[in-house]
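Note sheet for the following structure.
The values are calculated or read from the model by the stated rules, or taken from the named source; none is laboratory data. Just so it is clear, the structure is predicted and the values come from calculations on it, not from any experiment. Here the Cβ positions follow ideal geometry from the backbone for every residue, glycine too, while neighbour counts run over all protein chains shown.
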Amino acid sequence: MELVIRGAVMLGLDALRSAAPSRRGRLDSTESRWPLPSILCASPLLLCLLGATAHAQQKTAKLETSSSSSLPDAPSPQVDVLGPAAQTPSAVGTASVAGTILDTSGAEIPGAQVSLTHRDGIPLHTLFSAAGGDFVFTKLPAGSYLVIVNAKGFASYTTAEFTLSPDQSYMVPSIALSVASATTEVTVRPTEVIAAEQIKAEEKQRFIGVIPNFYISYVHDPAPMTIKQKFSLASHDTFDPVSLIGVGLAAGIEQANDKYPGYGYGAAGYGKRFAAQFGDGRTSDFLSHAVFPSLFHQDPRYFYQGTGTIKSRLIHAASYAIITRGDNGKPMPNYSYFLGDIGSGAISNLYYPHADRGIGLVFTNAAIGIAGKAGGTIIREFFSKRITTNVPPSGTP
């Protein structure tokens, strides 16, 4: 707009200049007057332009006034209302705190973590005590503080609250750390679960990796067996394939020696001898390892000694056929072995030849059974550990 008005004004002035008389006209008397048509045409144009200029200036002024009145007031500057209490507690000051970390015996504790804390719990500084157990915090502002000390193997220590004034050098009273109380975590498992784990390990024990050696415990104080576990271990032992091989060998030896001729000879005689040996072994195992141990609460296993003199170990092994351990861990007469062998001998009267039956067969088989168990335990005590596989690490008492 301003450029348009300025152009119009310049146009009017040019018109006036062209209408004005030249220097030659002023000397010429015949052209001494202004050209009236030109003046009349230029004057209204100037008036219009001046009026338009004034009108435009008035509108511009009104617009500026209107714009200034519609804008919001400028925000007033904020005043910091935070007082001294809201200042950061880590501000630099002129006070200091020092002390020494000791144990209850008075020895210095180096490397202890020492924390300076504001009274409201805001941590300020943390450092570690020097070789002599001493520490120092410097350039502290005035205020109330606490010192917290933590060291490995010692209980945490917190001082009483103290107040520092400017330029004060505060010495914390003697800090004596007590040994942290030991926390022992004990996992309690049912006895039956422990016994099951031990039996599972025993069922892997074999002489030279082949012959079952289940009824020996290389753990000095194993968990007592339940009735179910006693029958399960007896079944596992007596029906082991290697045990059946032993039955076959014994039957072959009896036939070669013509023992119990009432069975006859050939395949039929061998079959009867095999059945008799199988019956003797199975009834003896179940009666002495499961039935009577359950009735009398006795442990059917032999407990390896492994230490002491040869004499003490020999007595321990040989006496096992007479003295055994109860489920409560105490020694008691071995009713299970004695009654088991007697019972097995009595049952054998049902299938042995008529000529060999009678009370003599009962006690003969019982004596053979007891002697066999005594000899077996002596072998287990002195030789079995060397040739048995899967002996547990805790085998030595």
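For segment 379-394, filtered to residues that are surrounded by 17 or more Cβ atoms within 10 Å (Cβ to Cβ) and of a type outside the set (S, T, Y), the residue that is nearest to I199 (Cα to Cα) is V391. Where residues in segment 260-270 are without any contact (Cβ under 8 Å) to a residue 60 or more places away in the chain and surrounded by 14 or more Cβ atoms within 10 Å (Cβ to Cβ), which of them is nearest to the chain's Cα centre (by Cα)? It comes out as Y270. T324: surrounded by fewer than 18 Cβ atoms within 10 Å (Cβ to Cβ) and among the β-branched types (V, I, T), yes or no? In short, no.
Here P212 meets the list (1) under 30 Å from S288 (Cα atoms); (2) surrounded by 12 or more Cβ atoms within 10 Å (Cβ to Cβ); (3) under 38 Å from the mean Cα position of the chain (by Cα) almost entirely, failing just condition (3).
Is it the case that some residue within segment 220-243 is of a type in the set (F, W, Y) and under 21 Å from T389 (Cα atoms)? Yes: segment 220-243 contains one or more residues that are of a type in the set (F, W, Y) and under 21 Å from T389 (Cα atoms). Restricting attention to segment 224-259, the residues being surrounded by 14 or more Cβ atoms within 10 Å (Cβ to Cβ), over 30 Å from A201 (Cβ atoms) and among the polar types (S, T, N, Q) number 1. Of the residues K228, K259, the single one that is farther than 24 Å from T377 by Cα and outside any helix (DSSP H, G or I) is K259. Which ones in segment 379-397 are more than 37 Å from the chain's Cα centre (by Cα) and either at pLDDT below 90 or not acidic (D, E) (or both)? Across segment 379-397, the qualifying residues are I379, R380, F382, F383, S384, K385, R386, I387, T388.
Could we say that D356 is under 30 Å from G262 (Cα atoms) and either in the same structural domain as I208 (by TED's automatic domain parsing) or aromatic (F, W, Y) (or both) here? The answer is yes for D356. Among the residues of segment 166-195, those identified as exposed (fewer than 12 other Cβ atoms within 10 Å of the Cβ), in a loop (DSSP other than H, G, I, E, B) and among the aliphatic types (A, V, I, L, M) are A182, V186, V188. When segment 154-165 is filtered for residues that are assigned to a loop (DSSP other than H, G, I, E, B) and among the hydrophobic types (A, V, I, L, M, F, W, C), the ones remaining, listed by number, are A155, A160. Filtering segment 196-207 to residues that are assigned to a helix (DSSP H, G or I) and either over 17 Å from Y304 (Cα atoms) or touching a strand residue (DSSP E or B) at 6+ places or on another chain (Cβ under 9 Å) (or both) leaves A196, E197, Q198, K200, E202.
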